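Working notes, beginning with the structure itself.
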Amino acid sequence: MRRSVTVSFSTRTDGDLRIGADPHELVERRARLAPGEWTWLRQVHGAEVVVVDQPGAHAGAEADAAVTDVPDAVLAVHTADCVPVLLDGGTVVGAAHAGWRGVVGGVLEQTVEAMRALGAGRVTAHVGPHIRARCYEFGADELDEVAARCGDAVRARTAWDTTALDLTAAVHALLEPLGVDVVDHGGCTACEPRRCFSHRARADEGRAAATIVLRDAPPSGTGSGSVAPEAGA
């Protein structure tokens, strides 16, 4: 059966989607963003990937990524500076929460590997709003650790000319050698306060959600493939 894939990146206008938000408001906000049973994760900045075999499976698991080939299973990750990466493999999808520790730990590679084990075809990664290098001052020792894993392209400077980490470059460096196409939807959590939550820049409690879901019935006239709406759509 032909399938469609829908990705969404929430913004402040969609409300606070963190796990600890008001339960009734959270149900309503989730339904508006991506209707269906959500697999949301207790993210630990690691590389654990869960395989979702029915809608809502593994909700609340300690992990930083999820994959599925099941229609109507909403995969979700939450961010306020880390990189939300939504992966479309045609008949298999994945969602990964990629902070610098997860990147070093291999969360992106393990997510792609898990998708391919389920039969994914060509994979496209949709990258949502996250803290960009110009705003991400970073310690020299930790930067060396990330560079040892991802290459020197991750070394950058902030807008005020201090040592910075380029997480966007890290995502490209790890995914492109795996044959994954990377589509960056833009947005900096630190310097776009009207659009994004940022823990690092403003100590915001709120969290954005990035979701991806397979549907058996493609939207009328679109056929199968990726649908990548603007953030907040």
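The values are calculated or read from the model by the stated rules, or taken from the named source; none is laboratory data. These figures come from a predicted structure and were not determined experimentally. Please note: Cβ atoms are built from the backbone with ideal geometry, for glycine as well, and neighbour counts cover all protein chains shown. Areas reflect the complete protein model, heavy atoms only, side chains present, ligands, DNA and RNA absent. Shrake-Rupley method; radii C 1.70, N 1.55, O 1.52, S 1.80 Å.
Here are some notes:
- Restricting the stretch 58-73 to residues that are farther than 20 Å from Leu108 by Cβ and of a type outside the set (Val, Ile, Thr), the residue that is most open to solvent (accessible area, probe 1.4 Å) is Asp72.
- Residue match in the stretch 59-80 (condition: touching a Lys or Arg at 6+ places or on another chain (Cβ under 6 Å), of a type outside the set (D, E, K, R) and within 21 Å of Val182 (Cα to Cα)): yes
- Of the residues examined, Asp152 is not one that is charged (D, E, K, R), modelled with pLDDT of 95 or more and in contact with a Ser or Thr (Cβ under 8 Å, 6 or more places away or on another chain).
- Within the stretch 104-115, the set of residues being under 15 Å from Leu87 (Cβ atoms) and β-branched (Val, Ile, Thr) comprises Val107, Thr111, Val112.
- Scanning the stretch 1-57 for residues that are of a type in the set (S, T, N, Q), within 19 Å of Leu108 (Cβ to Cβ) and assigned to a strand (DSSP E or B) yields a single hit, Thr39.
- Checked against (1) under 17 Å from Ala125 (Cα atoms); (2) part of a strand (DSSP E or B); (3) touching a Leu at 6+ places or on another chain (Cβ under 8 Å), Thr91 passes all but a single condition, namely (2).
- Scanning the stretch 1-16 for residues being within 23 Å of Val83 (Cα to Cα) and either surrounded by 16 or more Cβ atoms within 10 Å (Cβ to Cβ) or touching an Asp or Glu at 6+ places or on another chain (Cβ under 9 Å) (or both) gives a total of 11.
- Selection count, the stretch 121-166, where residues are within 14 Å of Asp88 (Cα to Cα) and open to solvent by 20 Å² or more (accessible area, probe 1.4 Å): 3
- The set of residues in the stretch 84-107 that are of a type in the set (A, V, I, L, M) and open to solvent by 10 Å² or more (accessible area, probe 1.4 Å) contains only Val104.
- Residue within the stretch 17-28 that is of a type outside the set (Gly, Ala, Ser), in contact with a Pro (Cβ under 6 Å, 6 or more places away or on another chain) and open to solvent by 10 Å² or more (accessible area, probe 1.4 Å) present: no
- Among the residues listed as Ala190, Ala203, Ala169, the single one being open to solvent by 60 Å² or more (accessible area, probe 1.4 Å) and either among the aliphatic types (A, V, I, L, M) or in contact with a strand residue (DSSP E or B) (Cβ under 9 Å, 6 or more places away or on another chain) (or both): Ala203
- When the stretch 58-83 is limited to residues that are part of a loop (DSSP other than H, G, I, E, B), more than 24 Å from Tyr136 (Cβ to Cβ) and not acidic (Asp, Glu), the one that is nearest to the chain's Cα centre (by Cα) turns out to be Ala63.
- Selected residue [free of Cβ contacts under 8 Å to residues at least 24 places away in the same chain and surrounded by fewer than 23 Cβ atoms within 10 Å (Cβ to Cβ)] from Gln110, Gln54: Gln54
- Hits in the stretch 57-103 - residues which are more than 19 Å from Phe9 (Cβ to Cβ), of a type in the set (D, E, K, R) and without any contact (Cβ under 8 Å) to a residue 60 or more places away in the chain: Glu62, Arg101
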